[in-house]
Amino acid sequence: MTTLDTITGTGARRPGALLANRPRPSRPSTLTASLAFAARALLKIRRTPVQIFDIAVHPVVFTLMFTYLFGGAVGGSTGKYVGYLVPGILTMTLLVTTGTSGAALSIDLASGAFDRYRTLSIRPAAPLIGAMLSDTVRYVLASAVVVGLGLALGFRPHGNVLGVAAAVLLVVAFSVSLSWVWTTLALLMKSPGAVLGVTQALLYPLSLFSNIFVDPVTLPGWLQAFVDVNPVTHLVTAARELMAGGTPGPRSPGS
């Protein structure tokens, strides 16, 4: 025992002596840490109900509005139009929802949360992977809302459960891939408002100038040219074909 220990009377009660007999906690795996961050993100949704707007209110409003305001004029009847609209609304809802992924990450960066994560004994990618896992849950919930509402309005897909599940899986996979683009943007810009502004400025024009709401053959030639090269158009077409029981892919002339 040192002289200082004798004077202070601490002796064996020093923190170092207490911790010496305890095994050091093992470093959590990347999967464990990622699941923890995913749970954190989902808890934030529960505590901030406004975040449910993207996955619940948005698809309901757009589906009801376009079905009953434009269904008769565009599709001949609301019953026919809802079958055309549901795959498009599914795609649009998930694409717009991806924009909030980058904004949420930007908020964590601005608040200093990621600076605290760097002090933890975890893989640096765990917070990002966790955020993507929670976003995937949000995308699946949004898909369930869109498909459920479509079925309530009379949507009867010929592809049955397998076709609908394949279409949802395709759109979810595309949305997760796009989320990584907004994640990179958030790491570069580090401003929640700027990230959200850029994502919405890109996603809404791509969604509106596509085949989500109307058949491109009714559009002017110059607009058809843009719609034909719009990746959203190809995604919506593939989702429609899967829900209809078909197989997405290039079509031969005259088919």
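Here is how the numbers come out for the structure above:
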| quantity | calculated |
| --- | --- |
| Number of positions in region 113-149 that are open to solvent by 30 Å² or more (accessible area, probe 1.4 Å) and of a type in the set (Asp, Glu) | 1 |
| Criterion: more than 22 Å from the chain's Cα centre (by Cα), surrounded by fewer than 20 Cβ atoms within 10 Å (Cβ to Cβ) and of a type in the set (Val, Ile, Thr) - qualifying residue of Val57, Val74, Val61 | Val74 |
| Some residue of region 150-160 being assigned to a helix (DSSP H, G or I), at pLDDT below 90, open to solvent by 30 Å² or more (accessible area, probe 1.4 Å) and at positive phi | yes |
| Leading residue by the ranking (least open to solvent (accessible area, probe 1.4 Å)) among those in region 178-226 that are among the hydrophobic types (A, V, I, L, M, F, W, C) and part of a loop (DSSP other than H, G, I, E, B) | Ile212 |
| Selected residue [more than 17 Å from Thr93 (Cβ to Cβ) and free of Cβ contacts under 8 Å to residues at least 40 places away in the same chain] from Gly148, Gly163, Gly221, Gly130 | Gly221 |
| Qualifying residue in region 82-97 (condition: in a helix (DSSP H, G or I) and open to solvent by 70 Å² or more (accessible area, probe 1.4 Å)) | no |
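Here is a yes/no grid of residues against (1) under 19 Å from Ala125 (Cα atoms); (2) in contact (Cβ under 8 Å) with a residue 40 or more places away in the chain; (3) not acidic (Asp, Glu):
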site	(1), (2), (3)
Leu31	yes, no, yes
Val57	no, no, yes
Thr78	no, yes, yes
Thr91	no, yes, yes
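The values are calculated or read from the model by the stated rules, or taken from the named source; none is laboratory data. No experiment lies behind these values; they were computed from the predicted model shown. All Cβ positions, even for glycine, are placed from backbone atoms using ideal geometry, and neighbour counts span all protein chains on display. With ligands, DNA and RNA removed, areas are computed over all heavy atoms of the protein, side chains included. Shrake-Rupley method; radii C 1.70, N 1.55, O 1.52, S 1.80 Å.
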